[in-house]
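A.B. asks: Submitted below is the structure of interest, expressed as C-alpha cells.
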Amino acid sequence: AQSVAQPEDQVNVAEGNPLTVKCTYSVSGNPYLFWYVQYPNRGLQFLLKYITGDNLVKGSYGFEAEFNKSQTSFHLKKPSALVSDSALYFCAVREGNYGQNFVFGPGTRLSVLP
Amino acid sequence: SQTIHQWPATLVQPVGSPLSLECTVEGTSNPNLYWYRQAAGRGLQLLFYSVGIGQISSEVPQNLSASRPQDRQFILSSKKLLLSDSGFYLCAWSGGIPYNEQFFGPGTRLTVL
C-alpha cells in the first residue's frame, strides 16, 4: 500500500531564508510524486511533480523538489522564502502502472515570518 | 483550458437533513473525478472516485454517496446528515494517465448543526 509522511506539522522560517518542507513516501512500484499548496478556505493548487528523469524538479512560484530514491524522499525547497508562501503544503504519491488513487500526506503548515 | 466548479461554496444544514453537492468540470473529457473531505484544515480523506459515468468507488463506508450522471458531473449526496459530516469538501479531477496531476475545485464548507 502507498503511504506518505510529512514529519513536521509546522515549519517556521524567516523571510529571505531558504525553506524545506519534508516528505517521505512508500510505494511498491514506480512513484509519481506531487506537491500542492493550500491557502485558507481554498482548494489545493498544484506546484510540481516528479515522474521520471532529473531528480531536481522545478515548479511554480520558485519552488523546487528533489527526488531521492534511496531515501524515498521528495522534499520541497525554495531558496528564498516570502511571507506570501505561508500556507499548508501537501505531498502526494500515486503508484505508477496501476491504481487510480492519490495518497496525500497529512500536510505541513509553513509560516514565513517577516 | 480546463476549469472545475463546485457549489455551493458554503452550506449550513441541520442534522438529519439531506445533502447534495455538485462538481462540474469543463474543457476536458472522460476525467477521473474525486471527492475528498478535509477536517480542521489538515489532511485529505478520499471519499469517492470515479473513472467513468456510473462508475463509483467508495473508499470509506459512511452515510454519504456519490453519483456521476454525466461525464463531467460528480455529485455527493446524503439522505441524513450527521454532525460528523461537517468539513471542507473538495472535488478534483485528473486525466486518465497515471502521472497526470489532480486539479482541485474551490471547495464547499459544510457545517452541520
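The values are calculated or read from the model by the stated rules, or taken from the named source; none is laboratory data. A quick note: this is a predicted structure, and the numbers were derived from the prediction, not measured. Using ideal geometry, Cβ is built from the backbone for each residue, glycine included, and neighbour counts are taken over all protein chains shown. These accessible areas exclude ligands, DNA and RNA; they are computed on the full protein's heavy atoms, side chains included. Shrake-Rupley method; radii C 1.70, N 1.55, O 1.52, S 1.80 Å.
A.B. asks: Considering only protein heavy atoms and a probe of 1.4 Å, how much of the accessible area of region A:3-113 is carbon and sulfur, as a whole percent?
C.D. replies: Carbon and sulfur atoms account for 49 percent of the accessible area of region A:3-113.
A.B. asks: On to the next question. Mind listing, in residue-number order, the residues in region A:33-57 that have at least 10 Å² less accessible area with every protein chain present than in their own chain alone (1.4 Å probe)?
C.D. replies: Those residues are A:Phe34, A:Tyr36, A:Gln38, A:Asn41, A:Arg42, A:Gly43, A:Leu44, A:Phe46, A:Lys49, A:Ile51.
A.B. asks: Using only Cα atoms, locate the centre of region B:34-113 and the centre of region A:1-73, then give the distance between them in Å, rounded to an integer.
C.D. replies: Here the two parts' Cα centres lie 23 Å apart.
A.B. asks: Leaving out ligands, DNA and RNA, and with a 1.4 Å probe, what % of the accessible surface on region B:1-52 is carbon or sulfur?
C.D. replies: Within region B:1-52, the accessible surface is 54 percent carbon and sulfur.
A.B. asks: So what is the accessible area of chain B per residue, in Å², with the probe set to 1.4 Å? Don't jump to the answer; show the numbers that get you there.
C.D. replies: Working: 5110 Å² over 113 residues.
On a per-residue basis, chain B sits at 45 Å².
A.B. asks: Could you pull the Rg and Dmax for chain B, using just the Cα atoms, both in Å?
C.D. replies: Expressed in Å, the Cα Rg and Dmax of chain B come to 13.4, 41.
A.B. asks: Further question: Taking a temperature of 25 °C and a viscosity of 0.890 mPa s, what whole-number D in µm²/s does Stokes-Einstein yield for region B:69-113 with Rh from Kirkwood over alpha carbon pairs?
C.D. replies: Translational diffusion coefficient: 193 µm²/s.
A.B. asks: With a 1.4 Å probe, how much accessible area is buried between chains B and A, both sides summed, in Å² to the nearest hundred?
C.D. replies: Counting protein atoms only, the buried area is about 1900 Å².
A.B. asks: What size of dipole, in debye to the nearest 20, comes out for the protein assembly as shown about its Cα centre when the only charges are +1 on Lys and Arg C-beta atoms and -1 on Asp and Glu C-beta atoms?
C.D. replies: 260 debye
A.B. asks: How large is the Kirkwood hydrodynamic radius of chain A, in angstrom, based on all distinct alpha carbon pairs?
C.D. replies: In chain A this quantity evaluates to 14.1 Å.
A.B. asks: Can you tell me the mean projection area, over all orientations, of the convex hull of the protein assembly as shown's alpha carbons? Units nm², please.
C.D. replies: On the way: hull surface 50.0 nm².
Here the figure is 12.5 nm², rounded to one decimal.
A.B. asks: How big is the charge dipole of region B:3-112 about its Cα centre, in debye rounded to the nearest 20, if each Lys and Arg gets +1 on its Cβ and each Asp and Glu gets -1 on its Cβ? Walk me through the numbers before you get to the answer.
C.D. replies: Details: 7 positive and 6 negative charges, 58 e Å.
Approximately 280 debye in magnitude.
A.B. asks: Once you list every other residue whose beta carbon is under 11 Å from the beta carbon of A:Asp85, what net charge do they have if Lys and Arg are +1 and Asp and Glu are -1?
C.D. replies: 0
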